[in-house]
Amino acid sequence: MELLKNVSLAEFTTFKIGGKADYFCVARSVAELQEAFAFARSCSLPLFILGGGSNVLMRDDGFRGLVVKIEIKNSPLEGSTPPVGGGRDVCIVVGAGESWDALVAETVAHGLWGVENLSGIPGTVGAAPIQNIGAYGSEVKEVIEWVEVLDKNTSAVRRFSRDECEFGYRDSIFKKPEGRDYIVTSVAFRLRKNGAPNLSYKDLAEYFAEKPDPSLVDIRRAVLEIRGRKFPDLKTHGTAGSFFKNPIISQEKFDELKKKYPEFVGYQQPTTNNQPPTIKVSLAWILDKICGLNGYKIDKVALWKNQPIVLVSQDGAGAKEISAFADDIARIVKEKTGIEIEREVQNIC
Ligand SMILES: Cc1cc2nc3c(=O)[nH]c(=O)nc-3n(C[C@H](O)[C@H](O)[C@H](O)COP(=O)(O)OP(=O)(O)OC[C@H]3O[C@@H](n4cnc5c(N)ncnc54)[C@H](O)[C@@H]3O)c2cc1C
């Protein structure tokens, strides 16, 4: 493991924002990750784990500690020929540092169903369970069998079953205080050889209205095309995708807004332990139709014109400006709707 000093973090994030880390290293194996933990412990340094940097907002003045970039590779599909093993399902174990979208491309090439709707999401395999990535009517929790982690304090290995991961909407145990010390090293996915298309999401249903039985390749192509229209090009814009989560609100709040805005739509959420019903609503719709914020811009920060839930930085905006802009958006939403919105992007303090 090569330990570097004073490394600029901006080039490792899709926002292209971030000052220097005092210490930086790349972990290409579990042993290197353990070495990094031992170094941080011996110098009492705070530790930050970085994957592809596509869901983080790093501080302008950098990080006073050790940043470890996870590049633990292992992709059992790469270079192998289909079919993989016998049976109806296939279980594959993938290294945390593999590219998420490269994995999706491989599964599609091998005729394996389960993650095709999650095509085009930037980042690494190890970060996918952290916020239970989701898109186009699908969430990664549906195909996760287990997640293997290292405890950063003890370096002990532990395996979390899907249930133990406590997956929720853009949430898992790894985002909660009791799970924050665990660093993902590999993930096991259960994929299907004979799956069926999931066209529950409106955009995909419309795309395939004339072709009701698309293949895996068709679905991946469609998702990439739709995403290409909605998201900015990472080569030209700094962004971390959706900056906020879609709000989950009470039935009463939903009814109140629906009365005022009859086109407002919501999706009933599963209830547990006799909890009152909750409804997930589209923040992009609220920002556009209720707050009139589509294309809203202050100096170098803007809401993306094709998808207002996406914040973009232009001409070198810093983390401070992004954060102030996001606070402004949250304030406007609260004023107009009474809803408190929550950030999806991880702020590094
Ligand atoms: C253009 C664009 C579109 C996007 N679209 C979507 C979308 O449709 N759906 C969606 O869910 N997300 C989306 N995202 C967000 C992002 O791609 C995902 O959250 C992704 O999983 C982040 O992966 P990463 O490797 O870049 O993680 P990073 O940004 O590097 O890290 C994110 C968080 O996970 C932690 N982390 C990273 N790796 C590990 C590990 N191995 N173990 C423990 N903790 C770890 C980090 O410490 C940090 O807190 C989008 C982002 C962009 C830029």
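Points worth noting:
- Debye log10 I(q)/I(0) at q = 0.12, 0.15, 0.17, 0.20 Å⁻¹ for segment 4-70, Cα point scatterers: -0.27, -0.42, -0.53, -0.73
- Only the Cβ atoms of Lys and Arg (+1) and of Asp and Glu (-1) were treated as charged; on that basis the dipole of the chain about its Cα centre amounts to roughly 360 debye.
- Mean projected area in nm² (Cα convex hull; one quarter of hull surface) for the chain: 18.8 nm²
- Span from the segment 252-289 Cα centroid across to the segment 41-63 one, whole angstrom: 35 Å
- DSSP beta bridges in the chain [antiparallel fraction, %, rounded to 5]: 80 percent
- Packing, taken as the mean count of other beta carbons within 10 Å per residue, orders the peptides 324-333, 51-60, 130-139 from highest to lowest as 51-60, 130-139, 324-333.
- Positive dipole terminus of segment 89-228, leading residue within T154, V143, L216 (C-beta point charges): T154
- With the highest mean first, a sort of the peptides 37-50, 249-262 on other beta-carbon atoms found within 10 angstrom per residue produces 37-50, 249-262.
Where a number appears in this text, it was derived from the coordinates with a stated rule and is not lab data. Worth saying up front: this structure is predicted, and the values here are computed from it rather than measured. So basically every Cβ, Gly included, is an ideal-geometry build from the backbone, and we count neighbours across all protein chains shown.
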